[in-house]
Structure formats: structure tokens, C-alpha cells
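Every read-out reported here was derived from the displayed coordinates using simple, explicitly stated rules and does not represent laboratory data. Every value quoted in this text rests on a predicted model; they were computed, and no experiment measured them. A quick note on method: Cβ atoms are made from the backbone with ideal geometry, for glycine too, and the neighbour counts reach across all protein chains shown.
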């Protein structure tokens, strides 16, 4: 499946090693690098020298307009998109990809999304560990991750703001209240995975399995 990288400004930095890797493996790929002024966009010369016609530089100041993201999805068959940039860019890509089930979108935000709790979100609920059967109470103003750590559950975490995906767990039953910046909307709608550092529950009990 071909890969498309979409970068906004300094968001190109974490994508560069990924581009180098797919170039080595011979995977079909391309990159759209978006910015305001070409002169202020980092690594332009290096990227053009390394990736040639695989990369498109779009500077809105020189173009006199913003890039129409809908063009990325027009006529696409199967496509992996890896994107990093400002929240506005990532949100726009997520909205457009919702209309194209053949597109698999992977994103990285500069900062955590601000997601309000769902109207059906529980303030107090229980989390059951599928493997051990242990039940842990999660109180109001406490994250699931905090409750797990307080109960001495061995779970790995890092950012604790829903942007890295380190603490991801499998959902066996129950409906999570997703508030992370890692899972796509399509992935969240499946309710099979969640990020316990920021996400809550719409069910009185969630049964999870540590990955």
C-alpha cells in the first residue's frame, strides 16, 4: 500500500526518518510539505535533494492560497497517510479521511487535543483487568492510568497526555470515552483500544487487557 507523508511546518522533523526508511525498503511513497513561507521552512533543500520528485513543497505565501487537502483523497485507492503538524491541519485531515474508508490515517499532534468529556461519560466507574480479574475503582478527577498505578498495576506510560500511545490498552468490554490524540476517529469508533492516561468511560465498568 502506498504511503503519503503530510507535514506542516516543523512537523516534517519526525517524518524524515520514516521517509528514509520507506525509501530504503522500496515502498511507493510521496510527501506533501506545507508551510507559510518557503524561506522559513526547514530542511527544504535537503528534502528535495534526497527525495526528488517524491516531495511536494507548498508554501502558501508564494502560492497565494492554502492547500486544498481534498486533493489528497481524490482518486485515491488504498493509502496510508502519516501526518504531523499543527492541530488545525491534523483535524482537517481527520475530517476528510472520515469520508474515505480506504485511507488509513496515522497522526501526531504538536500538542494534546482539547476534548471535553462526553455527555454520557461516567464520573465514577470500575475498571476490571481481564487477565487477573482485579477490579479497580476510578473516582472523579482521576485518570484510569492513575487509578491503575495507585493499585500497583504494572503499566508502562510516558507522556500522560494522550499523544504518544505508550499506555494503550485493549478494551474487552464496555465503551470508552476517547479523549486522546493518537487513535483515529475510525479506530476510536471500534472501541477496541484506548489510552487510559486521558480517556474515561461511558460504561459503569470497563474490562481491559494490558498490551
Given (i) 16.4, 53; (ii) 19.6, 60; (iii) 16.0, 50 as candidate values of Rg and Dmax of the Cα atoms in Å, which corresponds to the one derived from the coordinates?
-> (ii)
Segment 60-92-segment 1-26 distance, computed between alpha-carbon centres (Å) = 14 Å
Three-way shape call for segment 167-210 based on the alpha-carbon gyration tensor, with the a/c threshold at 1.5 = rounded
For the peptides 30-37, 186-193, 124-131, what is the packing order when you average, over each peptide's residues, the other Cβ atoms within 10 Å and list the highest mean first?
-> 30-37, 124-131, 186-193
Using only Cα atoms, find the angle between the long axis of helix 87-97 and the longest principal axis of the chain, and express it within 0 to 90 degrees, rounded to the nearest 10.
-> 90 degrees
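Grab the beta carbon distance between residue 80 and residue 156, set R0 = 30 Å, and tell me the FRET efficiency rounded to 0.05. Display every interim value, and only then the final one.
Values: r = 26 Å, r/R0 = 0.86.
For residue 80 and residue 156, the calculated efficiency is 0.70.
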Rounded, prolate or oblate: which fits segment 42-90 when a ≥ b ≥ c are the square roots of the eigenvalues of the alpha-carbon gyration tensor, with rounded for a/c under 1.5 and prolate only if a/b beats b/c?
-> oblate
Is segment 3-109 best put as rounded, prolate or oblate by its Cα gyration tensor, with a ≥ b ≥ c the root eigenvalues, rounded for a/c under 1.5, and otherwise prolate when a/b is larger than b/c, oblate when not?
-> oblate
